[in-house]
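*Asks:* Handing you a structure now.
Any read-out appearing in this document is the output of simple, stated calculations on the displayed coordinates, not a laboratory observation. Just so it is clear, the model here is predicted, and its values are computed rather than measured. Here Cβ is always computed from backbone atoms with ideal geometry, including for glycine, and neighbour counts include all displayed protein chains.
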2 protein chains.
Amino acid sequence: MLYVIGLGLSDETDITVKGLEAVKKSERVYLEAYTSILTVGKEKLEDYYGKEVIVADREMVESESDAILANADQVDVSFLVVGDPYGATTHTDLVIRARELGIDVQVIHNASIMNAVGACGLQLYNFGQTISIVFFTDTWRPDSFYDRIKENADLGLHTLCLLDIKVKEQSIENMARGRKIYEPPRYMTVNQAVEQLLEIEDNRDSGVCTKDHLAIGCARIGTATQQIVAGTLQELLDVDFGGPLHSLVLIGKRMHEMEAIFIRDYAVNKESFDAVVKEKYQ
Amino acid sequence: MLYVIGLGLSDETDITVKGLEAVKKSERVYLEAYTSILTVGKEKLEDYYGKEVIVADREMVESESDAILANADQVDVSFLVVGDPYGATTHTDLVIRARELGIDVQVIHNASIMNAVGACGLQLYNFGQTISIVFFTDTWRPDSFYDRIKENADLGLHTLCLLDIKVKEQSIENMARGRKIYEPPRYMTVNQAVEQLLEIEDNRDSGVCTKDHLAIGCARIGTATQQIVAGTLQELLDVDFGGPLHSLVLIGKRMHEMEAIFIRDYAVNKESFDAVVKEKYQ
């Protein structure tokens, strides 16, 4: 049996009891370690489970899935995913491959940012499609998600923006020379995301994410140090959100009064929050 | 401390280890029992936790929240919610009330249908807003969610439809006579939801959920008896999905090839699935 197990959002105790039982009876345990992170590392998980955890990077999951699945038709193998297993496309590939090989698959769900973002006070059914913002480089400044944000905004819906994570990336020079030297991991901050959004707004100019647009910066949702701050994009530029992971929610015009009451508690500046709500959200 | 704890989707072992620890140290444990259900009842949970579980119905949560919160500034109180705590507005109310009373609140997240629906093979970021379909009565046949489905469909996005649950409802006669006699619980099936959608489509006639529209019926997602069936709405009318809870996903035109491959495995009829995909989804 292949168990695909969500670990939730925070530490080793966010696994479900069912998930922990599956891990304990598994012969091999893999940890997918490139689409998200917990607040604890592999060593902590190994202590907690009482067994070895094999870190699976993107290369391994995408091109060596058969090694992960080896003899999983006869023994139990666990594949651990931060959040919920169906958060990223890459895990779907693994499930499809297991099916092709005739291996039984059991998915053990958990919280992910896709539902835990409800903690910010916005109702989940008022969100439109979710988008991902990737790090700009000098030569690559993708902005196609701007159209998605606009589609949501035109309907008055909120947009959850997932922020880029770069783990085990090579510099162009190291890649060219075939040197397996990796850059330190990078996690996009709310501030960086806002900066990029404002740059795109300057270019596209459809009024979708202007400086006075209301948004909510979220850091470490579901952990003990969770931080939620609401304000205009301009205000959020200067808020220190601390360590990763961060995400950003753009508030849609259909914001309900009840949502506004909940969120006001998180406002950088309650007066400016009230003023923007009054002027633009009613 | 008030702990608001998600129980996940299936049975007593879907609670997180962190959630279970909080329950064990709580002086009182409430179970919200009207927006969703587990596959096990209160007695099973009591056995598992080794303590009494107080069932909180809608009336109690909405009008007696102060009783639930009594002395929670001094002792630990757990409020259990099937799925994730932020799935329903009513729990937000409880958190707001606790804040007003100066009670610390810790939310312990879990899977909910909002993210676990990824199990059907559609990518979560391709979903638009989520809607709820309520039971039609002879005199009340609400269809405002049709506009929401249309908004999603116009963008090519998928729509998750949550289906109605009627727990502890009184008949009009019993209500009029003030008799606290309750009807048996009712859970909307995929078939009933499809029937209502087709009736609304007949009236509104915007081509949003016609008989040949592709959809996925989901039953008991995240449980051992999970059932996922894809087909046209016409085909899903006659599929037996078994016991609750059910939900329905309307597939948007932007369906990715990868999504289609995954879903094809669930098709009632692979030939008709392929034909509709070819005709309407490319």
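*Asks:* Which ³J(HN,Hα) values, rounded to whole Hz and listed in residue order, are derived for the range A:157-167 from phi using the Karplus coefficients 6.51, -1.76 and 1.60 in 6.51 cos²θ - 1.76 cosθ + 1.60 with θ = phi - 60°, glycine and proline given as x?
*Replies:* 8, 7, 10, 7, 10, 7, 9, 4, 10, 10, 10
*Asks:* What does the charge dipole of the range B:137-215 about its Cα centre add up to, to the nearest 20 debye, if the Cβ of each Lys and Arg holds +1 and the Cβ of each Asp and Glu holds -1? Let's see the in-between values first.
*Replies:* Details: 11 positive and 15 negative charges, 123 e Å.
Roughly 580 debye for the range B:137-215.
*Asks:* What residues have an amide H closer than 5 Å to that of residue A:4, excluding those fewer than 5 places away on the same chain, when H is modeled at 1.01 Å from N in the peptide plane?
*Replies:* Close amide H contacts, sequence-distant or interchain: A:79, A:106, A:107, A:108.
*Asks:* Going through the range B:21-57, which trypsin sites (Lys or Arg not before Pro) have at most 16 other Cβ atoms within 10 Å and a DSSP loop state?
*Replies:* Values: sites: B:24, B:25, B:28, B:42, B:44, B:51; in loops: B:25, B:51.
Sparse-neighbourhood loop trypsin sites (Lys or Arg not before Pro): B:25, B:51.
*Asks:* Now a separate question. How big is the Rg/Rh ratio for the range A:217-262, C-alpha atoms only, Rh by Kirkwood, two decimals?
*Replies:* Details: Rg = 11.6 Å, Rh = 11.7 Å.
Value, to two decimals: 0.99.
*Asks:* Based on Cβ point charges of +1 for Lys and Arg and -1 for Asp and Glu, what charge dipole magnitude is obtained for chain A about its Cα centre, in debye rounded to the nearest 20?
*Replies:* Details: 28 positive and 45 negative charges, 37 e Å.
Here the size comes out at about 180 debye.
*Asks:* For the range A:2-17, in order, what is each residue's ³J(HN,Hα) by Karplus, 6.51 cos²θ - 1.76 cosθ + 1.60 with θ = phi - 60°, in whole Hz (x at glycine and Pro)?
*Replies:* My calculation for the range A:2-17 gives 9, 9, 10, 10, x, 9, x, 10, 10, 10, 5, 8, 8, 5, 7, 4 Hz in order.
*Asks:* Another question, then. So which of B:42/B:166; A:150/A:211; B:18/B:42; A:166/A:211 end up more than 23 Å apart by C-alpha?
*Replies:* Values: B:42/B:166 18 Å; A:150/A:211 15 Å; B:18/B:42 20 Å; A:166/A:211 27 Å.
In this structure, A:166/A:211 exceed 23 Å between Cα atoms.
*Asks:* Taking the Cα centre of the protein assembly as shown as the origin and placing charges on Cβ (Lys, Arg +1; Asp, Glu -1), which of B:54, B:188, A:94 is farthest toward the positive end of the dipole?
*Replies:* After comparing all options, I get B:54.
*Asks:* Related question: Mind grabbing the base-10 log of I(q)/I(0) for the range A:2-111 at q = 0.12, 0.14, 0.21, 0.24 Å⁻¹? Debye formula, identical points on the C-alpha positions, no solvent, two decimal places.
*Replies:* These q points yield log10 I(q)/I(0) values of -0.34, -0.46, -1.13, -1.54.
*Asks:* Using amide H atoms built in the peptide plane, which far-off residues or other-chain residues are under 5 Å from residue B:53 H to H?
*Replies:* Under 5 Å from the amide H of residue B:53: no residue qualifies.
*Asks:* Using the Kirkwood radius over C-alpha pairs as Rh, can you work out the diffusion coefficient of chain B via Stokes-Einstein at 4 °C, viscosity 1.567 mPa s, in µm² per second? Mind showing how you got there, number by number?
*Replies:* Working: Rh = 20.3 Å.
Once the numbers are plugged in, D ends up at 64 µm²/s.
*Asks:* Moving to a separate point now. Any idea how far the Cα center of the range B:223-266 sits from the one of the range A:1-67, in Å?
*Replies:* 29 Å
*Asks:* While we're on this one: Under 13 Å from the Cα of residue A:168, which aspartates and glutamates turn up, not counting those fewer than eight places away in the same chain?
*Replies:* Filter leaves A:32, A:57, A:59, A:183.
*Asks:* Rounding to the nearest 20 debye, state how big the charge dipole of the range A:1-120 is about its Cα centre with +1 on each Lys and Arg Cβ and -1 on each Asp and Glu Cβ.
*Replies:* Working: 10 positive and 21 negative charges, 56 e Å.
Here the size comes out at about 260 debye.
*Asks:* Can you find, among B:232, B:110, B:152, the residue sitting farthest towards the positive end of the charge dipole of chain B, where Lys and Arg contribute +1 and Asp and Glu -1 at Cβ?
*Replies:* About the Cα centre, the residue reaching furthest to the positive side is B:110.
*Asks:* Right, next: What angle, in degrees between 0 and 90 and rounded to the nearest 10, separates the Cα long axis of helix A:89-100 from the longest principal axis of the Cα atoms of chain A?
*Replies:* 30 degrees
*Asks:* Among DSSP beta bridges lying fully in the protein assembly as shown, give the percent that are antiparallel, nearest 5.
*Replies:* Details: 37 of 79 bridges.
Expressed as a percentage, antiparallel bridges in the protein assembly as shown total about 45.
*Asks:* Right, next: Using a 10 Å Cβ count of at most 15 others and DSSP loop calls, identify the longest part of chain B lacking such GluC sites (Glu not before Pro).
*Replies:* B:65-282
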